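So the structure is just underneath, and the comments pick up after that.
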Amino acid sequence: MWTNRRIVLLAIVGLALTLVAISPALPAEPTGEPNGTYEYNCGGGGNSCHATEGSTVITMWASNLSPSPGADVTVLVNVTGGEGVTDQIIGVMLVSARTTDPASIPTNSGWTIVKDPTGSTTAYNYVENHTYTGSTSFKWQLKAPASADVYRLYARAMHGGGDTYFEDNTTGLVFNVGSAIVPGVPLVDLSPITPNQVLTGAVNLEVTVVTNKTIEYVVLRLNDTVIGNMTSSPYSFTLDTAGYPDGTYTLNVTVRDSNSVQGYRQITVSFGNSEKTEELVSWVWTVVAGSIAILAWIGILIVVALMIRRRTVSRGGK
């Protein structure tokens with residue numbers, strides 16, 4: 001005979017099985033922890049990715065844009081206005097690329113963070129200010145990368161009180177470390193991708209050229225095949241990686257100025273659309289499994305309800 005205790009136990013077991021089945025499909029909740037080391041787009045907590053563009057104004061300054069390898073560099077990020085004024089909380093992140101990728105963490109791109117804005121040698125790339133009233137500055141003390149090359153640093157401000165606002169300084173700071181820039185040659189930068197990044201789907205590429213000469217053309221090549229040619233700014237290209245087999249590719253940007261002097265930037269990346277498809281299939285199966293579990297749980301509840309009703313009717317007939 002079914003007792004009320006057994007019925008309740010059956011219901012609990014059914015609920016537990018449902019939660020186990022659908023848990024992979026549930027999004028993780030933000031940790032809400034201030035100050036830390038995070039990739040671009042995830043500040044104020046490991047999963048707290050902000051998605052709504054806000055109104056904060058960000059400017060950046062550096063003590064030296066042409067440091068020697070390993071030299072000291074101070075970076076100042078000034079923020080004004082924005083949604084953080086409401087609850088006096090705002091967070092600022094210093095990143096080396098505007099991509100959600102490990103290379104966006106400055107220390108993974110060769111920088112050494114000596115001190116963060118709190119003055120701590122813990123040296124985080126994301127720090128929050130809980131006394132924000134509309135204008136403040138964040139100062140990082142760093143050491144330049146050890147290898148001569150062209151590097152960038154960007155800043156992102158985020159509402160630190162749990163809302164979803166963000167604002168980027170998209171220009172960033174360009175560092176010529178170890179005289180990597182040849183005088184008189186155009187400086188070429190390709191963003192927002194980083195070396196060895198895995199790309200999927202359609203990717204928007206932006207080419208930045210620093211020169212005091214007129215630019216005649218900007219050419220984008222993929223493995224020596226021209227996929228874009230522009231003669232006026234903005235130099236923006238769209239690369240549909242789905243049209244190519246997965247694998248390693250070389251992206252090359254060549255710029256020629258009015259003196260017929262060329263500058264270039266070359267980055268090795270990978271295309272991984274099949275992996276993305278596998279993730280999608282896995283997600284679909286997870287959702288299907290969760291839906292089946294929910295239906296099973298509803299069925300159990302119906303059975304429990306019918307049993308309780310039957311017992312009630314049976315007792316009433318005695």
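Here, each number is a calculation from the coordinates, and none is a lab measurement. Remember, predicted model here, so these are calculated numbers, not experimental data.
Where a ≥ b ≥ c are the square roots of the eigenvalues of the C-alpha gyration tensor, would you call segment 182-273 rounded, which needs a/c under 1.5, or, failing that, prolate if a/b is larger than b/c, or oblate? Before the final figure, lay out the partial values.
Details: a/c = 2.36, a/b = 2.06, b/c = 1.15.
Judged from the Cα gyration tensor, segment 182-273 comes out prolate (a/c at least 1.5, a/b above b/c).
At a threshold of 8 angstrom on Cα-Cα distance, excluding pairs fewer than six apart, so keeping six or more, what relative contact order does segment 34-181 reach in percent? Present the calculation step by step, with values, prior to reporting the outcome.
Numbers: 414 pairs, mean separation 50.4, N = 148.
Once divided by the residue count of segment 34-181, the mean separation gives 34 percent.
So between Thr231 and Val198, what do we pick up on full extension, going 0.36 nm a residue minus the alpha carbon distance?
Working: separation 33, 0.36 × 33 = 11.88 nm, distance 2.87 nm.
Length difference between fully extended and current span is 9.0 nm.
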